[in-house]
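The values are calculated or read from the model by the stated rules, or taken from the named source; none is laboratory data. None of the values given here were measured: they were computed from a predicted structure. Positions of Cβ are generated from backbone atoms using ideal geometry, with glycine treated the same way; all protein chains shown enter the neighbour counts.
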Amino acid sequence: MDALFRFLVQSEVLVYLILAAGATLAARSLWKAWMEWRTAVFGLEKELSFQKVRASGALFILLIMIGLSQFCLVTFIVPFLPATTFRLTPTANLLETPAATFSASDMTAQISSPIASVGTVGCTPGQIMISSPKSGGEVTGKIILTGTVDVPNFGFFKYEYSPQGSETWATIAAGNKIVRNGELGVWDTSQLVSGDYQIRLVVTDNLGKSMPACIVPVRVKTP
């Protein structure tokens, strides 16, 4: 099962291309069979044409369902699997010195770095960082979160929000690809009550260890 998950994610584009080609051929066959069925006169001819319609239609629907299953698996299921179950990195070389993950002392030193924006907590420039929205910025509607997720032994990341002062966090979405100063995802604030909130970026390595979160305070303004 682990190998299947890795294959489906690593070959995501190839799978979509194969499914698209198959769906195109099935749709063409379905159209031809449908036209034959409409123009058929005799009962046997009409029945044979209708069987072709059903077979082509079933194949087309099956390919569409496989494509949707692939999309749901890669987008919504894989990012939340334990890192020990789903691992994007190559098989480890037992003779090689393992790359170190962040220690608590390393993260503490980087949290206090003056490079990080005022008001943020736990953000590590160049590794774990939310660059937009800015600390203390005002947001409204749907906004694009941008930043960086680029750490050794990367597994996956997720981003969450919480009302200021609350310890209850709601996950917005997640991802399993490294991002360097790019789009992390979209946050829809239109259903929230105006006020002060926090957004945080949580990164988990491929051994299942979550690193200190990058937290940025923002103010949500709704119409």
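See the values below:
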| item | result |
| --- | --- |
| Single residue of 44, 17 found to be farther than 22 Å from residue 67 by Cβ, assigned to a helix (DSSP H, G or I) and not assigned by TED's automatic domain parsing to the domain that holds residue 178 | 44 |
| Any hit, region 166-184, residues being at pLDDT 90 or above and over 22 Å from the mean Cα position of the chain (by Cα) | no |
| Matching residues, region 173-223, being in contact (Cβ under 8 Å) with a residue 12 or more places away in the chain, under 20 Å from residue 151 (Cα atoms) and of a type in the set (Lys, Arg) | 180, 200, 209 |
| Single condition residue 76 does not satisfy, out of (1) modelled with pLDDT of 80 or more; (2) loosely packed, with under 15 Cβ neighbours inside 10 Å | (1) |
| Residue satisfying all of: in region 37-57; surrounded by 12 or more Cβ atoms within 10 Å (Cβ to Cβ) and of a type in the set (A, V, I, L, M); farthest from residue 23 (Cα to Cα) among these | 40 |
| So residue 139, is it over 13 Å from residue 201 (Cβ atoms) and in contact (Cβ under 8 Å) with a residue 60 or more places away in the chain | yes |
